[in-house]
Amino acid sequence: MDRRIVITGIGVVTPIGIGCEMFWNNLLAGQSGIAPVQSFDTSEYNVHRGAEVKEFNAEDYILNLDAAHLGRASQFAIAAARLALADAGVEIGSLDRKRAGVSMGTTSGEPREVERFDDAYVSKQLDRIGPEFIQLYPCHVIAAHVASELQFAGVNTMIPTACAAGNYAIAHALDVMRAGRADLMLAGGSDAFSRITFTGFARLGAVAPEICQPFDRFRKGMIPGEGAGVLVLEPLDRARRRGARIYAEVAGYGLSCDAHHMTAAHPEGAGAERAMRQALADSRTNCEDVSYISAHGTGTATNDRLETIAVKRLFKDEAYRIPISSIKSMLGHTMGAASAIEAAVCALAVFSNRIPPTINLNDPDPECDLDYVANSARELPVNIAMNNAYAFGGNNASLILRKRELLN
Amino acid sequence: MIGNRVVITGAGVISPLGDSPARLHDSLGRGLSAIKPIKLFSTEGLGCPLGGEIADFDATKYLGQRNLRPLDRTSRLVASAAQLALADSGWSIEMRNVQEIGLVLGTMFCSLHTISEFDRRALEAGPAYASPMDFSNTVINAAAGQTAIAHNLRDVNTTISTGVTSGLEAISYATELIRSGRARALLAGGADELCFESFYGFDRAGLLCRSNVTAGDFPIPFDSRRNGSALGEGAALLMLEDVALARERGAKILGEVVGHGSSYDCSRGQDSVQAVEAIASAIRHAMSDAFLLPHEIDCLSASANGSRGGDQHEAEGVVAGLNGQTQKLPVTAIKSMLGETLGASGPMQAVSLLETMRDGVLPGIPQLHQVEDDFPLTMARSKNQEADVINGLINSIGFDGHCCSLILSRGEEN
C-alpha cells in the first residue's frame, strides 16, 4: 500500500459558513463570524461575544441516527463528515466498511450534557437526569456517532488534546494509514459552544470584548467559538485509481509537550519549536520550502508573542519571508475543531495558491514583526503549508501539507 | 508487526488492590475484592452502593511533599503511577534530560468531577467566582499535561478517550509511535477516577450491578447470575521502549507488545451479530499484527465486567476471533475484583498479565459458580489456574461499540 496519504475531501461547519465553498469564499473575503452569544445568557459575564454556528440544521445531514437525540458536537461532526465524503466523491456503499475509520479531536466532548447535569444538580432536580447523560456525554461519542451514522467499522479514535486536538487526530489518522490499517479515514475535530469553556476563558481574562485581532499591538484576547472540520484521507494510489481530486498530501507531523505550565506556553517557545522541527523532519522539508504557516494565533497577548518567537527560533531569517495568518481573527477559537478547520485551510491554500488574511490587524505589535497577511487575502504559489496548534497541558502539534504536483 | 520491536521495561499501578504490580497480582491471586461501600461520595438513592475505591490514596506517598494543589484526583493518580513506572524502569531524572520521554494516556473522563464542580460553582456563586485553576483541569488532557509537568516528560503527550478501551488504545498508539521510530520511550496506559458524577450516570443507565447481597459479592463476569458491572478507579502505566534502547541501557525486559487491533461495532452493542463480529475482528487484527496463530495464545485476560450483553458478546467474539480454538484457553476477568476501571482497565489487565507470565499464576474469577450455559469459554474458573504463558491476549470492549485487543509476549529473561 502507498504510504503517501492525501486529502481528497473537505467538510466544515463554521461560524462563517457550512461547506467548503461558502467557508473558503467568506474566509478569503475576510468575513467575521463573531457576534453576541446566543447559546446562553451572558449578562453575568463581563464579556458577551462569541463565534457560534448559525443556520445549522442537523436533519439535513443525519440520515440514519436520530439527530434530535445527539449532542451538538456530534451533529457538527456528522455534518462535516458527510460534507467531506460528498466533496471527495466517495460512494459510501463502495467502501470496505471494516477498513473505513474515524479519528476525531475535541476539547469538551458534549459539554451541554454535563451543563444540563449541573443545572439539575444545583436546582436539586437531579432525578431529571436519566440514562442519556452517560450515553451522550463522554467525548468518544463524537467519533462513535460519526461511525455509526456512516457504518464505518474500522479504527475509531477520539483524541481530546484540547485546542490542538484536530491536528492530533489528523496526525493519528496519517499513522493509521501509513501502517496500512485503513483504506480511508475521516479525520478532524468538533466542538460545541460551551458555557464551561466560555466561563473559564472569561475567568482567565483571555476573552476579547469585541473583536479578535491576532498579532495586533492592541489585541485583547481570544473569542470562544464552535464548529467542526473533517478531512477525507486516502492513500495516493487509491485516490489516483478512482480519479479523485487531490487537495494536498499530508506529508508529516510533529508533536511535543512543554511540560512547563498547564495554561501558559513555554516562555521561549521551546515546545512549539520542537513540534515544528519534527514536522519538517518527518516530511523531509527544509525551512526554505515552507510557503505558508497557519498560526495558532488566538489573539491573546502571550500566545501571539510566543508563537512569533518560536517561528523565529526555528526559521531564523526565513521567518520574515513566510506569510503567516490566523483565521481565528474571523472564526474565533473553535477549540478542538480549530486545527482541523485550519488544516482544511492549509489544504485549500496549497490547492488554490491563495491564503486567507489575518483581519483586524491594523497596528502591528513591535514584538510580532513577521508577515501576518494583514487584512487581505493573497495569491501566491503555495507548495508547502505548515499548520500549528497549541493547547492546555502544553500539547503542541504541527502538521505539514504538500502540493500534489510535488508527488511523483 | 513492522518496524522497531516494542518492549516493556517497567510498570506503575495505583489500585484499590495494591500499588505495585506484585501487590496487585497477589491480591488478585488471593481473590480479594475491591468492591465495597463507597466513601468518596454519598450513594443515597442510587441503585448500586458499591465501587472499587482507593480508600487511602495519598499522592504524597509517591510524589513527595511538592505542591500538589493544582492536581485533581485523576491527575494525582496518573502522576503517581508515572512516578512508579519511571522508577521501576530505571529512568532517572538525569537520564530523562538526555533522552526525552513521552506519555500516552487513555482516560474516559479525565475528571468529570472537576468539570462539573467548576461549572456548578459558576452557577451557584456567579461566573466571577469560578476557579481559573480548576478550569485548566477541565480539559480532558489535563492529567496527561499535569503528569508531564510533574516528571518533565517533553516528548509526545497524547490523550486517548475511547471509553473502556482508552487505556489499551493508548498502549496501541504508543506502540505504533515506537515501531515507526517517532518515539523511543513512552509511558503508556490509562486512568479514571471514581466520582459521583460519572457514577450517577452509569447507575441511571442501568449499567451497574444492583444487588442486596453483602459487599464484595458482585459483579461476576461470565456467570449466569451477573447483572451489571461495578465501577472502580485507578491508574496503570507501562514503560514502553524500542528494544535497542532498552538493551543499550541494560534495562530489565518484562515483556513485549507484539500485536494490537481495533474495530468498531456500528450498532453499539444493540445488534449481537455485529457486536460479536467487531470483537472477533479486533482479535484477528491483533493476531495478524503479531504473526501468531490461535493455538499460540496461552491465556485470555477478558474485558468481561458482569454486564449481561457485553460478556456474552465477548465470549462469542473470542471464539470467533480465535477460530474456535478456545477449549484449552485459560481465561481470567480481573474486573470481577477491581470493578470496571474504564480507562485504567486495559493497562491494569496488562500489568496483571505480565505478573502471570512471571509466576505462572492466572487469577481466578472468585464469585464464578455457574458459567452461562451457552458460553463457549470452557476454561473460565473461580480458582486460580497454573498457566505457562508466552503469549497472552488482552481484550477491552466498550459499552458502546469500541473494541481493542492487545497481545503481549513474555520477556526474554524468563
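FYI, it's all coordinate maths here, none of it is from the lab. Treat the numbers as computed from the prediction; the structure is a model and nothing was measured. For neighbour counting, all protein chains shown are included, and Cβ atoms are generated from backbone atoms with ideal geometry for every residue, glycine included.
Taking a temperature of 20 °C and a viscosity of 1.002 mPa s, what whole-number D in µm²/s does Stokes-Einstein yield for the stretch A:1-120 with Rh from Kirkwood over alpha carbon pairs?
My calculation gives 127 µm²/s for D.
Taking the DSSP beta bridges in the protein assembly as shown as the whole, what percent of them are antiparallel, to the nearest 5?
For the protein assembly as shown, the DSSP antiparallel bridge percentage is about 70.
Would you kindly state how much longer the chain becomes between B:N323 and B:E296 on full extension, computed as 0.36 nm times their sequence separation minus their alpha carbon distance, in nm to one decimal?
Gain on stretching B:N323 to B:E296: 8.5 nm.
Please report the spacing between the Cα centers of the stretch A:153-222 and the stretch B:374-414 in Å, no decimals.
36
What FRET efficiency, computed as 1/(1 + (r/R0)^6) with R0 = 30 Å and r the Cβ-Cβ distance, is obtained for B:K61 and B:L245, rounded to the nearest 0.05?
0.50
Amide H neighbours of B:I160 under 5 Å, counting only residues 5+ apart in sequence or on other chains, H built in-plane at 1.01 Å?
B:L105, B:G106, B:T107
log₁₀ I(q)/I(0) of the protein assembly as shown at q = 0.05, 0.07, 0.09 Å⁻¹, via Debye over equal Cα point scatterers, no solvent, to two decimals?
-0.23, -0.45, -0.77
For n ≥ 4 DSSP H runs only, could you compute -39500 (n - 2.57) per run for the protein assembly as shown, divide by its residues and tell me the 222 nm figure to the nearest 500?
Calculated at 222 nm, the ellipticity per residue is -10000 deg cm²/dmol.
Pop out the ³J(HN,Hα) list for the stretch A:115-127 in order, Karplus 6.51 cos²θ - 1.76 cosθ + 1.60 with θ = phi - 60°, rounded to Hz; leave Gly and Pro as x.
5, 5, 4, 5, 4, 5, 5, 6, 8, 6, 10, 4, 5
Taking a ≥ b ≥ c as the square roots of the Cα gyration tensor eigenvalues, with a/c under 1.5 meaning rounded and otherwise prolate when a/b beats b/c, else oblate, which class fits the stretch A:251-406?
rounded
Counting other Cβ atoms within 10 Å, keep those with at most 12, restrict to DSSP loop, and tell me which GluC sites (Glu not before Pro) in the stretch B:38-113 are left.
Passing sites in the stretch B:38-113 are B:E44.
Find the eigenvalues of the gyration tensor of the Cα atoms of chain B, then list the square roots of 5 times those eigenvalues as equivalent ellipsoid semi-axes, largest first, in whole angstrom.
The answer is 30, 28, 19 Å, longest axis first.
Counting DSSP beta bridges in chain B, what percent are antiparallel, to the nearest 5?
Just about 70 percent of them are antiparallel.
Please arrange A:T157, B:T60 by how many other C-beta atoms lie within 10 Å of their C-beta, fewest to most.
B:T60, A:T157
Among the listed pairs B:K36/B:K335; B:K39/B:K383; B:K252/B:K328, which have their C-alpha atoms separated by more than 20 angstrom in this model?
Correct reply: B:K39/B:K383; B:K252/B:K328.
Pulled fully out, how much extra length does the chain show between A:L407 and A:A301, if you take 0.36 nm times their separation in residues and subtract their Cα-Cα distance?
Value of the extension gain: 34.2 nm.
Just grab the label-to-label distance for B:E44 and A:C287, each label 7 Å out from Cα along the Cβ direction, in nm (one decimal).
Result for the modelled spin labels: 6.5 nm.
Within 10 Å of each residue's Cβ, count the other Cβ atoms and sort A:T199, A:T300 from fewest upward.
Ordered from fewest to most neighbouring Cβ atoms within 10 Å, A:T199, A:T300 come out as A:T300, A:T199.
What do you get for chymotrypsin sites (Phe, Trp or Tyr not before Pro) in the stretch B:1-99 restricted to DSSP loop and a cutoff of at most 12 other Cβ within 10 Å of the site's Cβ?
Those that pass, being in a loop and sparsely packed, number zero.
What residues have an amide H closer than 5 Å to that of A:I10, excluding those fewer than 5 places away on the same chain, when H is modeled at 1.01 Å from N in the peptide plane?
A:D87, A:A88, A:V232
Does chain A come out rounded, prolate or oblate, given a ≥ b ≥ c as the square roots of the eigenvalues of its C-alpha gyration tensor, rounded meaning a/c under 1.5 and, failing that, prolate meaning a/b above b/c?
oblate
Of all beta bridges DSSP finds with both residues in the stretch B:258-410, what is the antiparallel percent, to the nearest 5?
So the antiparallel bridges amount to about 70 percent of the total.
I'd like the FRET efficiency for B:E386 and A:D237, computed as 1/(1 + (r/R0)^6) with the beta carbon distance as r and R0 of 60 Å, rounded to 0.05.
For R0 = 60 Å, the calculated efficiency reads 0.75.
Loop only by DSSP, 13 or fewer other Cβ within 10 Å of the Cβ. Give me the trypsin sites (Lys or Arg not before Pro) in the stretch A:266-298 that pass, ordered by residue number.
Taking the stretch A:266-298 and a limit of 13 other Cβ atoms within 10 Å, the loop trypsin sites (Lys or Arg not before Pro) found are A:R284.
Expressed in whole Å with the largest first, what are the equivalent ellipsoid semi-axes of the stretch B:258-410 derived from the C-alpha gyration tensor as the square root of 5 times each eigenvalue?
20, 18, 15
Using C-alpha positions alone, give me the convex hull volume of the stretch B:287-371 per residue in cubic angstrom.
Convex hull volume per residue, Cα atoms: 115 Å³.
Residue by residue through the stretch B:367-377, what is 3J(HN,Hα) from phi via Karplus (6.51 cos²θ - 1.76 cosθ + 1.60, θ = phi - 60°)? Round to whole Hz and write x for glycine and proline.
Using θ = phi - 60°, the values come out as 8, 5, 10, 9, 4, 3, 2, 8, 6, x, 8 Hz.
For A:A248, which sequence-distant residues (separation of 5 or more, or a different chain) have an amide H within less than 5 Å of its own amide H, given hydrogens modelled in the peptide plane?
Under 5 Å from the amide H of A:A248: A:I7.
Cut-off is 10 Å between beta-carbons; in what order do B:M348, B:M287, B:M95 appear when sorted fewest neighbours first?
Arranged by neighbour count, lowest to highest, B:M348, B:M287, B:M95 become B:M95, B:M287, B:M348.
Taking R0 as 35 Å, what's the FRET efficiency between A:Y320 and B:A128 from their Cβ-Cβ distance, rounded to 0.05?
Once the sixth-power term is evaluated, E becomes 0.25.
Kindly provide the pair-distance distribution of the stretch A:5-241 built from C-alpha pairs, with 10 Å bins from 0 and whole-percent values in order of increasing distance.
8, 31, 34, 20, 7, 1
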